[in-house]
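Heads up, the thing below is written out as structure tokens.
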Amino acid sequence: MAISLTDAAAARIKTFLENRNSGYGLRLGVKTSGCSGMAYVLEFADQSEGDDTVFEDKGVKIIIDPKSLVYLDGTELDYAKEGLNEGFKFNNPNVKDSCGCGESFTV
Amino acid sequence: MALLQISEPGQTAAPHQHKLAAGIDLGTTNSLVATVRSGLAETLPDENGSHLLPSVVRYRLGLPPQVGEEARAALIEDPHNTISSVKRFMGRGLADICKGCSCSEYDFAESAGSDSSVPRIRTVAGDISPVEASAEILKTLKACAEKTLDGELTGVVITVPAYFDDAQRQATKDAAQLAGLTVLRLLNEPTAAAVAYGLDRESEGVHVVYDLGGGTFDISILRLNRGVFEVMSTAGNTALGGDDFDRTIAQWLAGQAGLGAEMTVHKMRALRAEACRAKEALSDVESVSVAVPRDDGSVWQGELDREQLNALIDPLIQKTLSPCRRALRDAGIELDEIEDVVMVGGSTRSPRVRERVGEFFHCEVLVDIDPDKVVAVGAAIQADVLVGNKPDDEMLLLDVIPLSLGIETMGGLVEKVIPRNATIPCAKAQDFTTFKDGQTALAVHVVQGERELVSDCRSLARFELRGIPPMAAGAARIRVTFQVDADGLLSVTAREQASGVESSVQVKPSYGLSDSEIEQMLRDSMAHAEEDVAARNLREMQVEARRAIEALESALASDAALLSADERTRLDAALEDLRAKAEGSDHLSIKQAIEALNIASDGFAARRMDAGIHAAMAGHKLEEFS
């Protein structure tokens, strides 16, 4: 059971957390919605709940609730640049299929 | 695979439901777009990695317009079709522009055909209004943002100088609409700058924002109180900025190089470009060499040092300080209460400006954030809040009205309803009354400005309240309500309420809905302001003449028998004279004719009075009247 960050992702998250001036870490998760079943959740976290699993990679705390962890186990979070756009990318080995845009997926 | 951004806790959007918002600094010289991603506000670069988009549009025959760097490069070779600093023309009339700038480089189309005083610049692609040119700039920024954010923008916040009046704000909104943007709000530039510096998270206190951009100067005094920003006062000059620095330096260069006053547009622009280059270089070095081509083909080589530059620009910097004093006075603030001064606009890179401003306010000058980007960054933060990407809207911005709003009253005087620097959104009502017996309609003329005479203020709108029940002059109570929304835009309503009867109010929406209505508004204002007053004097006198004629005619119809033939002839002559004069356009001669008629009819009036009393009393005993 593990979640990892690329160097680029870790650096960006640190920058964003610093800029925000507060925050415990980064919350990853999934929720059921979207055109293809599941959608990722990517939020700043101010605290962890009792059931949460907390990983730490490259100095960044990653908080995941137990339900989401099933879908995200083994995921590597990357920060990528595509043309003018830039943002986070989930490299999730559990994904069987995703919608055209990749915002939602099925396992 | 889509690229994701980090949201605030609980704010993750459903797929394809992202609310993308951007802040746009639509500047005189350069424009920028910024957005908040993963909680961080940044300006967005274009394909070439440039954050600043020159606010220059070049129109071409049969080709889409060029915007930005390409257009700016064409300024010298194709001056008539290339429009720069268009912000200076936004919402202004032709007369106003010619007054503000003695040497305008554009070929403004005559108002023929469109009978409009909104300036249109003649280009190969047709006559272009400032709103259209601004829309091209906004379209380019929109395309850049949407490409970067990979989605359509939900809404934008566009910044405007605090000193922009309502017509200029409306023109900016129209440009955004034309570019297909949804404007969440127009935000005053200084307010945006303060937000960018995070002054809202600082300790409570008074902050000054000094914004010297390419074409406009703004000074704002803000007070942070219990986490709420209040703009205490604003002042500025809509026609003072780095462009003027360039012009002054260019004139000096022309003088040094011995160039004549007669100069082609081409030469003037080249000279200005050289002046601008020298000015920017002198921010870092003490002295810079300059070269100016002469008419005979030779090149004048010279040296401009910082001391000389300072001497040239000092008078212009000095001009920024009197609005500073005014803003301080309006806010009722002493110098020692000010925490810091936020520097905004490219011209504040000049060490001399920083020095003089620091001296004036006796306090620290904030220059950490790139002064070109700071406004766009603040706008982006505000847009992010307004579009709903923040859990709690903690930031509450109070803006102020830059110029007093009022209505015209008898005699062409302005009655101010909302005073300058009132915080918005706000609504204020004032009661007015009728001037004549039986008056059933009231013309409401909405004006903006600080002067006492309507002719010195800016006309914003006119409408009529009809259906007032007939009653004696002064008996009607008409409540005029001014409402200014969060964008600083105004709506005015008039309601007659003395009788308790709801009267129908017909408001002709000359206030800022379509281009043509704005044009109408402008035409009513600057171009014909003086004629309006003269016309009003005349109309008032004509109304008075008509009243006198009607009164005498009805008296003659009933009591002609009281007059001798001779008296009747004289009275008829005076009546005829007044009728003829009332058709003319000289209000003074009408006035004299009215007076002449009054004198001529004095005896008749007295006799009618006697006859009336006689008729009333005849056949009655004296006791009946006691």
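The values are calculated or read from the model by the stated rules, or taken from the named source; none is laboratory data. Being a predicted model, the structure only gives us computed values, none of them experimental. When we count neighbours, we look across all protein chains shown, and the Cβ atoms used for this are built from the backbone with ideal geometry, even at glycine. Remember, those area values only see protein heavy atoms, side chains included, never the ligands or the DNA or RNA. Shrake-Rupley method; radii C 1.70, N 1.55, O 1.52, S 1.80 Å.
Restricted to segment B:333-363, and to residues that are part of a loop (DSSP other than H, G, I, E, B) and over 28 Å from the mean Cα position of the chain (by Cα), which residue is nearest to B:Glu189 (Cα to Cα)?
Filtering segment B:333-363 for residues that are part of a loop (DSSP other than H, G, I, E, B) and over 28 Å from the mean Cα position of the chain (by Cα), the one nearest to B:Glu189 (Cα to Cα) comes out as B:Ser350.
Given the residues B:Asp384, B:Asp330, which is the only one that is assigned to a helix (DSSP H, G or I) and crowded, with 22+ Cβ neighbours inside 10 Å?
None of the other options fit; the residue is B:Asp384.
Please work out which residue is nearest to A:Thr32 (Cα to Cα), limiting yourself to segment A:74-107 and to residues that are out of contact with any Pro (no Cβ under 8 Å at 6 or more places or on another chain) and away from chain B (no Cβ under 11 Å).
So the residue we want is A:Thr106.
Checking B:Leu4 against (1) within 14 Å of another protein chain (Cβ to nearest Cβ); (2) open to solvent by 40 Å² or more (accessible area, probe 1.4 Å), which test does it fail?
So B:Leu4 meets the others, but not (2).
Go through (1) more than 11 Å from chain B (Cβ to nearest Cβ); (2) aromatic (Phe, Trp, Tyr); (3) open to solvent by 60 Å² or more (accessible area, probe 1.4 Å) for A:Tyr24 and report which single condition fails.
(1)
Only one residue in B:Glu204, B:Glu152 is away from chain A (no Cβ under 14 Å), over 23 Å from B:Thr348 (Cβ atoms), surrounded by fewer than 21 Cβ atoms within 10 Å (Cβ to Cβ) and among the acidic types (Asp, Glu). Which one?
B:Glu204
State yes or no: is B:Lys319 among the basic types (Lys, Arg) and closer than 15 Å to B:Arg354 by Cα?
In short, yes.
Can you find a residue in segment B:1-24 that is touching a Leu at 6+ places or on another chain (Cβ under 6 Å) and free of Cβ contacts under 8 Å to residues at least 24 places away in the same chain?
Taking every residue of segment B:1-24 in turn, at least one turns out to be touching a Leu at 6+ places or on another chain (Cβ under 6 Å) and free of Cβ contacts under 8 Å to residues at least 24 places away in the same chain.
Just checking, how many residues over segment B:291-317 are open to solvent by 80 Å² or more (accessible area, probe 1.4 Å) and in a helix (DSSP H, G or I)?
Total satisfying the criteria: 1.
Regarding segment B:121-136, can at least one residue be identified that is part of a loop (DSSP other than H, G, I, E, B) and surrounded by 21 or more Cβ atoms within 10 Å (Cβ to Cβ)?
Scanning segment B:121-136 turns up at least one residue that is part of a loop (DSSP other than H, G, I, E, B) and surrounded by 21 or more Cβ atoms within 10 Å (Cβ to Cβ).
For segment B:421-434, does any single residue satisfy the condition of being outside any loop (DSSP other than H, G, I, E, B), modelled with pLDDT under 75 and either in contact with a helix residue (DSSP H, G or I) (Cβ under 6 Å, 6 or more places away or on another chain) or within 30 Å of B:Leu186 (Cα to Cα) (or both)?
yes
Could you grab me the full set of residues in segment A:42-89 that are in a strand (DSSP E or B), buried (at least 17 other Cβ atoms within 10 Å of the Cβ), aliphatic (A, V, I, L, M) and in contact with a helix residue (DSSP H, G or I) (Cβ under 8 Å, 6 or more places away or on another chain)?
Hits for segment A:42-89 are A:Val60, A:Ile64, A:Leu77.
Quick check: is even one residue across segment B:568-581 at pLDDT 80 or above, assigned to a loop (DSSP other than H, G, I, E, B) and not acidic (Asp, Glu)?
Within segment B:568-581 (the criterion being at pLDDT 80 or above, assigned to a loop (DSSP other than H, G, I, E, B) and not acidic (Asp, Glu)), the answer is no, since none of the residues qualifies.
Let me confirm something: among B:Leu61, B:Leu52, B:Leu26, B:Leu32, which residue is surrounded by fewer than 24 Cβ atoms within 10 Å (Cβ to Cβ), aliphatic (A, V, I, L, M), away from chain A (no Cβ under 11 Å) and touching a strand residue (DSSP E or B) at 6+ places or on another chain (Cβ under 8 Å)?
Going through B:Leu61, B:Leu52, B:Leu26, B:Leu32 in turn, just one is surrounded by fewer than 24 Cβ atoms within 10 Å (Cβ to Cβ), aliphatic (A, V, I, L, M), away from chain A (no Cβ under 11 Å) and touching a strand residue (DSSP E or B) at 6+ places or on another chain (Cβ under 8 Å): B:Leu52.
Within the bounds of segment B:252-260, is there any residue that is open to solvent by 40 Å² or more (accessible area, probe 1.4 Å) and under 30 Å from B:Asn188 (Cβ atoms)?
Checked against the condition, which is being open to solvent by 40 Å² or more (accessible area, probe 1.4 Å) and under 30 Å from B:Asn188 (Cβ atoms), segment B:252-260 yields no hits at all.
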